[in-house]
Amino acid sequence: MSDTTIDTATPPADRLTPLLFAIAIFTSASLVFVVQPMVTKLVLPMLGGSPSVWNTSMVFFQTALLAGYGYAHAVQRIGSIKLQVGIHLALLAAAALFLPLHINGWLGDPNPSAPIWWLLATLALSVGAPFAVLSATAPLLQAWYARVRAGHPDGKNPYVLYAASNLGSFLALLSYPILIEPLTTLSGQRWGWTGGYGVFVFLVVALALVVWSRRLDRSTEPAPLAKSAPIAWKEKGILILLAAAPSSLMLGVTAHLSTDVASAPFLWVIPLALYLLTFVIAFQNRPWIPLPMTLIIQAAAGAVCVLLVAFRSANWGMAFGINIIAFFFTTLMCHQLMAARRPAPDRLTEFYLLMSLGGVVGGAFTALVAPMIFNMVWEYPLVLVLVGLLRPWGRGRLDGQYIGVIVAAAAVAASPVLLSLWLDSNDSARATFHSMFPLGMAQLAMVMLVPAVICAFLARDRALVFTAILVMVALSSQWIARGYDWSHSERSFFGVMRIANVPDVRMGGDVHVMMHGTTLHGAQAQEGQNQCAPTLYYNVNTPIGQSALMMRGRGPAANIGVVGQGSGAMAAYKRAGDRMTFFEIDPMVDRLARDPKWFSYISKCAEGPIETVLGDARLTLNQQPAGSYDLLIIDAFSSDAVPTHLLTIEAIQGYLKLLKPNGVVLLHLSNRNLDITLPAVAAAQELGVPLLHQLYIESGDMPSMAEASTEAVVMSPTAEGLADFARDRRWRSVVETPVRPWTDDYVNLFGALWRSQFPPKERPL
C-alpha cells in the first residue's frame, strides 16, 4: 500500500488546526459581543439614558448579525476556499476604515419624537461594517472547518465550534461590567477593541496559511460537502420560532429588570451572557444540563415567574433571581430543541441564517412592534406564557386527570379576582380585610395563586394545558397588580406613562397621579384649595420645594430651569416675574402635563407662560446662555433610574456655567436601588465648588400623595450662593468621599448598586 493511501485512510494527528480555528472563533465572538455594551454606552447619553436604547440597539446588532450570516451563507456558493478567504480578508480590511469605533454625527442630534430610526441609522453608519463582517466569522469558519477536516472524525460535527464561539461571547460580556467598565475609560475601550480587531485579522491570515499547508490532499482544494435534503419550510418555521422566543425574552427581561435601576451595561449583559451560555450548553456533544432536566426546571421556574412578573417586589434581589432563572431555562429549552433539529454540515450556514432571522424577529417584536401596539409592557409576560407552546405536546386525548387540573387551576385563578371585586363593592369588608392583611391584596393574591402554579407544573407534559393554565395565572395576577384604576395609559420610546384618579378626602377629593414605569412622577388635587399645591417630591417641605422658596426670598424675579417635567408640579412655584423652562426629552410627558384634563399646574397654577424645550438635557442645555439661571433643578428620571450622563463631572460643570454667580443647581438623587449620591458629591468636590446635602424623610401624618421622602444635593459657583441654604439646619455639609467621580468617559454603576445593597459603615453624608 502506498504512503499516500495510508495517509488518506488514517489522517495524521493534527492538534494545531482545530486549536487555531477555536482561537479565531473565540476571538471574533469576544470582539462581536464586547462591542455591544460599549457602543450602546457611547450612544446612550444622546437619548436620555432610556432602557429602550439598549433594546433598540440589540435589534440593530441582531440585524447586523443576520447580514453577516447572510454573507457567510452566500460566500459558500464560491467553490474555492482560497477565494473565500481572500474576500473575507478584503472585507475585514475595508471595515477597518471605521476604526477606532465612535458615534459619528452625520445625522445630527436625535429627534425625540422619532428616536428609533435615528438610533438604528446612526449605529449602522458608525459600527455596522466591522460588526457585520466580524459576526460572519463563526458560521464561515465552521463551514471551512467542515471542509478542511472532512477526513478527520471532528470534521463531522463542526457545530461544536459554535460552543467555542458562544463561550468567547459569554466571557467577553461578563468581563465588561466586572473588569472593563470599572477599570478602563470609554476611550481606552475603543482603542483596546481596535487592537483586538488587528489581532483577529492576523489570526485569520495565520489560519489560512496553516490550514492550507496541512490539508490532506495538497494537489487540490478540499472538495465541497455532499448535499443533504433541503430543510422543509415547516422545519424552517419551527427553527425561526425557537430562535425568536429567547431573543424576545432576552430584551423583555432586560427592560423589566433595568426599569427601576438603570440602563447600564452591568444589567444589559447578564441576560445576554446567559442567552449565549445556553448556546454553549445546547451545542455540546454531552450537554451539562440534559433536555429532560431542562424541561422540568423550566416548567417550575416559568410558572412562578408568570405569577410574580406582574407584581413589583420590594426585594429587588429576589425578583432579579426568579426572572433570571426562568429566562435562562426557558432559553436553554428553546436552544436545546433547536440544536436537536440541526441539519447536516452542508446546511450549516443556512441553519445559522434561520437562527439569526429568528433572533431579529423576536427582537424586533419586543423593541419595535410591541411599543406601537401595546400601551403597557405586555410583551414580556405574553412571550413568557406563549413559549409554553414550544414544550412537548404529548400524545392521545386528555384524560380526567388533566381535565381536573384545568378546572382546579381555573377556580384558583378566579378566586383573588372575585375577592377583589367583592372588597371593592363592600366598604366594611374592605376595612376588615385591611386590618387583617396589612400587606394588601397583591401579597395575598400571590399566595392564593400558588396552587394554580402547581397545577401548571403537574401539566408540564401537555403544552396546551400548561400554557392555558399560565394564561389564567397571568390574567389574574395582572388584574390584581394593576394597582390604581388607571384612567389613561400611553407608551413612547422612553417608557410607559399612566395617569390614575385616586380619591383622597384629606386632599379635597379626586387626585390625579402620574406614574412613569413604577415611580410616581407627580400628583395633583383636582378640587379645592389644594389644587395648586405642589405634591410628592415638590412639596414645600422637601429639598426641591425649599430651593424654590429660597429663590422667592431672594427677589421678585428668578430664572428657573427644571430638567424633567413630570406632571409640571414645579410650575406651581412660578410667579409673574419669574421665568421657568422645563427641559424634557419625552414629548408625550409634555403633552400630558399640559392637558387640563389631567394636570393644570402649567395651564392654571403658574403665573404666566412656561416654556418646554424638548430633547436630551445635556444637548439642549448647551444651547442656553451662560450665567443666566438663578436655580437649575436636575430631576430627570426614567422610572426610578437616573440617566447617569446627567451626573458626571462634565455635566455638573456645564450646569454651573449656566448659573449666575450666586445661582444654585439642585441634583435630585432619590433612588431605591443605586447609591448615586456619592459619585455626585465626588464630582462637586473634584470641581472644588461648595455643596450641601439633605435627606428629607416624609412625616407620615400627611395624605399619601402630599409629600415624598427626597434626597438632594445643592451646589453653587460661590459660597454666597449657598449662604441662605447653610443657615437652614436641614442642609448639611459633607466630608470628602473616597468614591471615584463619574465622567463622560467613566461610570461605575455596578459599584453604585453594591454600595446601595451593602452600604459602608461610615457614609460621609
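Listing for the model above:
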| quantity | calculated |
| --- | --- |
| The stretch 563-603: number of residues that are more than 18 Å from T519 (Cβ to Cβ), in contact with a Phe, Trp or Tyr (Cβ under 6 Å, 6 or more places away or on another chain) and open to solvent by less than 10 Å² (accessible area, probe 1.4 Å) | 1 |
| Residue count for the stretch 660-676, restricted to those that are open to solvent by less than 10 Å² (accessible area, probe 1.4 Å) and in a strand (DSSP E or B) | 6 |
| Residue match in the stretch 338-361 (condition: over 27 Å from P177 (Cβ atoms) and without any contact (Cβ under 8 Å) to a residue 60 or more places away in the chain) | yes |
| Helices (runs of 4 or more DSSP H) wholly inside the stretch 318-390 containing at least 2 residues that are open to solvent by 20 Å² or more (accessible area, probe 1.4 Å) and β-branched (V, I, T) | 348-364 |
| Cβ-Cβ under 8 Å pairs, at least 6 apart or on other chains, the stretch 417-446 side farther than 17 Å from V473 by Cα, far side at pLDDT below 75 and of a type in the set (D, E) | R430/D424 |
| Sole exception among (1) open to solvent by 20 Å² or more (accessible area, probe 1.4 Å); (2) without any contact (Cβ under 8 Å) to a residue 60 or more places away in the chain; (3) under 22 Å from E527 (Cα atoms) for R552, by number | (3) |
| For E607: the one exception among (1) over 27 Å from the mean Cα position of the chain (by Cα); (2) open to solvent by less than 30 Å² (accessible area, probe 1.4 Å); (3) farther than 19 Å from H668 by Cβ | (2) |
| All positions within the stretch 439-475 that are assigned to a loop (DSSP other than H, G, I, E, B) and open to solvent by less than 20 Å² (accessible area, probe 1.4 Å) | G440, L449, A459 |
| Hits in the stretch 183-211 (condition: surrounded by 15 or more Cβ atoms within 10 Å (Cβ to Cβ), among the hydrophobic types (A, V, I, L, M, F, W, C) and closer than 17 Å to L91 by Cα) | F200, V201, L203, V204, L207, A208 |
| Residues within the stretch 67-91 that are touching a residue at least 40 places away in the same chain (Cβ under 8 Å) and surrounded by fewer than 22 Cβ atoms within 10 Å (Cβ to Cβ), tallied | 13 |
| Some residue of the stretch 97-116 being part of a helix (DSSP H, G or I), under 20 Å from S356 (Cα atoms), of a type outside the set (F, W, Y) and open to solvent by 40 Å² or more (accessible area, probe 1.4 Å) | no |
| Selection status of S709, in contact (Cβ under 8 Å) with a residue 40 or more places away in the chain, of a type in the set (G, A, S) and touching a strand residue (DSSP E or B) at 6+ places or on another chain (Cβ under 7 Å) | no |
| Hits in the stretch 287-317 (condition: open to solvent by 30 Å² or more (accessible area, probe 1.4 Å), outside any helix (DSSP H, G or I) and in contact (Cβ under 8 Å) with a residue 60 or more places away in the chain) | R312 |
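One line per residue, one yes/no per condition, for (1) in contact with a Ser or Thr (Cβ under 9 Å, 6 or more places away or on another chain); (2) within 28 Å of G317 (Cα to Cα); (3) in a strand (DSSP E or B):
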{"residue": "L678", "(1), (2), (3)": "yes, yes, no"}
{"residue": "H693", "(1), (2), (3)": "yes, no, yes"}
{"residue": "D701", "(1), (2), (3)": "no, no, no"}
{"residue": "A708", "(1), (2), (3)": "yes, yes, no"}
{"residue": "P738", "(1), (2), (3)": "no, yes, no"}
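The values are calculated or read from the model by the stated rules, or taken from the named source; none is laboratory data. If you're wondering where the values come from, they're calculated on a predicted model, not measured in any experiment. FYI the Cβ positions are ideal-geometry reconstructions off the backbone, even for glycines, and counts take in every protein chain you see. The accessibility values were calculated without ligands, DNA or RNA, using every heavy atom of the protein model including side chains. Shrake-Rupley method; radii C 1.70, N 1.55, O 1.52, S 1.80 Å.
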